[in-house]
Amino acid sequence: MKAVGICGSDVHYLRVILLFIVHSHARTKRGVKSASRANIRWILIELQEMRIAHFVVKEPMVIGHECAGVIEEVGSGVKQLAVGDRVALEPGVSCWRCRHCKGGRYNLCDDMKFFATPPVHGSLANQIVHPGDLCFKLPDNVSLEEGAMCEPLSVGVHACRRADVGPEKRVLIMGAGPIGLVTMLAARAFGAPRIVIVDVDEHRLSVAKSLGADAGVKVSTRAEDMAEEIEKIQAAMGAEIDVSLDCAGFSKTMSTALEATRAGGKVCLVGMGHNEMTVPLTSAAIREVDVVGIFRYKDTWPLCIEFLRSGKIDVKPLITHRFGFSQKDVEEAFEVSARGRDAIKVMFNL
Amino acid sequence: MGKGGKGAEVATAVAGAGEEENMAAWLVAKNTLKIMPFKLPELGPYDVRVRMKAVGICGSDVHYLREMRIAHFVVKEPMVIGHECAGVIEEVGSGVKQLAVGDRVALEPGVSCWRCRHCKGGRYNLCDDMKFFATPPVHGSLANQIVHPGDLCFKLPDNVSLEEGAMCEPLSVGVHACRRADVGPEKRVLIMGAGPIGLVTMLAARAFGAPRIVIVDVDEHRLSVAKSLGADAGVKVSTRAEDMAEEIEKIQAAMGAEIDVSLDCAGFSKTMSTALEATRAGGKVCLVGMGHNEMTVPLTSAAIREVDVVGIFRYKDTWPLCIEFLRSGKIDVKPLITHRFGFSQKDVEEAFEVSARGRDAIKVMFNL
């Protein structure tokens, strides 16, 4: 392994593990007798929350899944790769037997084995073993760090496909975090003629504009500001909004997207903020504004690599922090990634 | 069956010159319908004049009667009600080639502009300048005669009655929903709600080839009607959110396999949430019903299973297909017509009361 990025999901799993270690340590110091019921309940609650949705970390697990490296050994049946090849890795190993896989939607496979989604180990390691067909050769002008960036970029590419972004679609993006940014880069590569991006953070908006957004609109987290914000957004677009991609995933961002998108348009829910949302679904439905979601991606590496090779997409500005592979580096890197703000993509170089 | 019947007490007035005065049912105020004269516009070259024969009552007609508005459509002046209709051509404009006097036709209500982006792009149902029967300020069609573009009048085959012609309108909602939700021979379908719209959606789903259809409702009688009309299974549900998990299990057991497409013909937080949770990964949920606007739904858990949500606004390009379904017998809408009335002040008032009460009343039909 040569380059591994940190994803928000890696941070999410980690945060609750660290909390657990801290509190159980404290309990041991005080001795079992003095451990209060409140502490035990707290620890049990933390134990229950070592998870994202129904994926629970029950045993130690290798973290990390956005990665690229150099082939050191190939199995006897691997024809398209050779020792020394520089490759980007698609994390998920699907079963290829179920209805989803055979129907071309392998990302929905119930038996998917995905790096760093428990109980499957991740790839922040010196070496890993992986199916050769999920390793994609990098052209000479695409670096290993860019190879690792294919993973988050794939989320943006899959979203643009599902939302049908193209040369005639004016695009609104909610959220200028790492996912909003890769989605914006993908939308541009898919030919979107105009892209408006929104965020609560002025710095992130300026980064988005430097990366090619046509306009940025600062929004709040307050529901009461929504009507006024929609006016500003539509004014910034200067025309009807055909496709909205919500890369934040909250009631307010989805409601804004649903109301701002033109009749017959599409809204893609990319971000995973809240599960239960209160949204004006009927007024969107009676304007035939469709809602599509995404789960990871499928068949995106070849396209991502081509976008990078041709220069249609430049992901290098998204890599804001770099670390080596030591205990200290790993701990600090996750802290930097978790703080957000100026940290977009934190990359390990091994 | 209701009172009235074909030809009884048809309200027409004869004006002094010996010419018939055209009468219509007007919505004049909340809960007030009056049969009054309705002056027809001049016939344009592409128009036809139709003698109305069969007009059904829709939930939206009842809603306007009760509230004088739906969303931002407000009845500010008296408006002729009704939009589900069929009749006989009595006059054709000079440019109308495909129709002749005497033809029996079903009418598509909405006149779009054919100039805007939606119209040119094939989604004319979304036209901002749509002029639709009984959506204010456009007059409806519960009248002796109306004038309408000839291209929106579709000839009925001999074996399709005028009442069935009027049923093409609600049936079109079901057909458009099935198209938008991609119902077909490989799609197992769940339908939330066995009211008139749930039932036409079910009939449409069957005609589109759905191999198995499960329908749910809170009302036992409506479920039994649905089953008699061809639902493979019915599941009784409640309006209580806490029952949802258990109901989803029952629904999935009734389907016996994954649910590919769900059509929510009720349109509430609970019915949408049930549909979103019960539908398989990669499937579709179509919101047909218009219950609540703001809904609280588990949208993210549906989105991360790539369960897509599509809505519908009325329909587009559905009359030819509806008529063919009726002609071939693939769909039989006749059982949905539960009550019939003539066209008198008394009939009109009573018909709307019957329609509004729901329960055993599915489609109330006027015969003029």
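The values are calculated or read from the model by the stated rules, or taken from the named source; none is laboratory data. Since this is a predicted model, take the numbers as computed values, not measurements. For neighbour counting, all protein chains shown are included, and Cβ atoms are generated from backbone atoms with ideal geometry for every residue, glycine included. Each accessible area value is taken on the protein alone, full model and side chains, heavy atoms only, with ligands, DNA and RNA left out. Shrake-Rupley method; radii C 1.70, N 1.55, O 1.52, S 1.80 Å.
Here are a few things to note about the model shown:
- Hits in region B:33-79 - residues which are on the phi > 0 side of the Ramachandran plot and surrounded by fewer than 18 Cβ atoms within 10 Å (Cβ to Cβ): B:Ala71
- Subset of region B:229-259 (residues that are exposed (fewer than 14 other Cβ atoms within 10 Å of the Cβ) and either touching a residue at least 60 places away in the same chain (Cβ under 8 Å) or basic (Lys, Arg) (or both)): B:Lys236, B:Arg240, B:Ala257
- Residues that are under 24 Å from A:Lys266 (Cβ atoms) and aliphatic (A, V, I, L, M), drawn from region A:143-162: A:Leu153, A:Val155, A:Val157, A:Ala159
- Qualifying positions in region B:136-156 - among the aliphatic types (A, V, I, L, M) and either over 27 Å from B:Glu67 (Cα atoms) or in contact with an Asp or Glu (Cβ under 9 Å, 6 or more places away or on another chain) (or both): B:Leu142, B:Val147, B:Leu152, B:Leu156
- Test: residue in region B:131-154 that is of a type in the set (Ser, Thr, Tyr), in a loop (DSSP other than H, G, I, E, B), away from chain A (no Cβ under 14 Å) and open to solvent by less than 40 Å² (accessible area, probe 1.4 Å): yes
- Taking the numbered list (1) under 24 Å from the mean Cα position of the chain (by Cα); (2) open to solvent by less than 30 Å² (accessible area, probe 1.4 Å) in turn, B:Phe208 passes all entries but (2).
- Residue list for region B:302-319, restricted to those being of a type in the set (Lys, Arg) and open to solvent by 50 Å² or more (accessible area, probe 1.4 Å): B:Arg305, B:Lys316
- Of the residues in region A:236-249, not one is at the interface with another protein chain (Cβ under 9 Å from one of its Cβ atoms) and more than 22 Å from A:Gly216 (Cβ to Cβ).
- Test: residue in region B:63-85 that is free of Cβ contacts under 8 Å to residues at least 24 places away in the same chain, touching a strand residue (DSSP E or B) at 6+ places or on another chain (Cβ under 7 Å) and not aliphatic (A, V, I, L, M): yes
- Of the criteria (1) within 14 Å of chain B (Cβ to nearest Cβ); (2) in a loop (DSSP other than H, G, I, E, B); (3) small (Gly, Ala, Ser), which one A:Ala159 fails: (2)
- Just one residue in the set A:Gly293, A:Gly273 is under 17 Å from the mean Cα position of the chain (by Cα), of a type in the set (Gly, Ala, Ser) and crowded, with 19+ Cβ neighbours inside 10 Å; that residue is A:Gly293.
- B:Gly82 falls short on exactly one of the conditions (1) open to solvent by less than 40 Å² (accessible area, probe 1.4 Å); (2) more than 29 Å from B:Val288 (Cα to Cα); (3) not in a strand (DSSP E or B), and that condition is (2).
- Top-ranked residue of region B:318-329 - restricted to ones that are free of Cβ contacts under 8 Å to residues at least 40 places away in the same chain and not in a loop (DSSP other than H, G, I, E, B), ranked as farthest from the other protein chains (Cβ to nearest Cβ): B:Ser328
- Of all residues making up region A:244-266, the number that are touching a helix residue (DSSP H, G or I) at 6+ places or on another chain (Cβ under 8 Å) and within 18 Å of A:Ala186 (Cα to Cα): 5
- Residues satisfying the stated conditions in region B:78-105, i.e. under 16 Å from B:Arg314 (Cα atoms) and hydrophobic (A, V, I, L, M, F, W, C): B:Cys85
Conditions (1) under 23 Å from the mean Cα position of the chain (by Cα); (2) within 14 Å of chain A (Cβ to nearest Cβ); (3) hydroxyl-bearing (Ser, Thr, Tyr); (4) within 15 Å of B:Ser355 (Cα to Cα), marked per residue:
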residue: B:Leu27; (1), (2), (3), (4): yes, no, no, no
residue: B:Pro41; (1), (2), (3), (4): no, no, no, no
residue: B:Ile70; (1), (2), (3), (4): yes, yes, no, no
residue: B:Val80; (1), (2), (3), (4): yes, no, no, no
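- Any hit, region B:349-358, residues being open to solvent by 30 Å² or more (accessible area, probe 1.4 Å) and facing chain A (nearest Cβ under 10 Å): no
- Extreme residue, farthest from A:Met184 (Cα to Cα), among residues of region A:330-350 that are touching a residue at least 60 places away in the same chain (Cβ under 8 Å) and part of a loop (DSSP other than H, G, I, E, B): A:Leu350
- Checked against (1) closer than 15 Å to A:Ala260 by Cα; (2) open to solvent by 20 Å² or more (accessible area, probe 1.4 Å); (3) touching a helix residue (DSSP H, G or I) at 6+ places or on another chain (Cβ under 8 Å), A:Val217 passes all but condition (2).
- Within region A:273-317, the residues that satisfy the criterion of being touching a residue at least 12 places away in the same chain (Cβ under 8 Å), acidic (Asp, Glu) and facing another protein chain (nearest Cβ under 7 Å) are A:Glu288, A:Asp290.
- Residue among A:Arg262, A:Arg287, A:Arg322, A:Arg341 that is under 17 Å from B:Gly311 (Cα atoms) and open to solvent by 50 Å² or more (accessible area, probe 1.4 Å): A:Arg287
- Selection count where residues are outside any helix (DSSP H, G or I) and open to solvent by less than 10 Å² (accessible area, probe 1.4 Å), scope region A:167-198: 10
- Residue count for region A:96-125 under the criterion of being in a loop (DSSP other than H, G, I, E, B), free of Cβ contacts under 8 Å to residues at least 24 places away in the same chain, open to solvent by 20 Å² or more (accessible area, probe 1.4 Å) and within 14 Å of chain B (Cβ to nearest Cβ): the result is 5.
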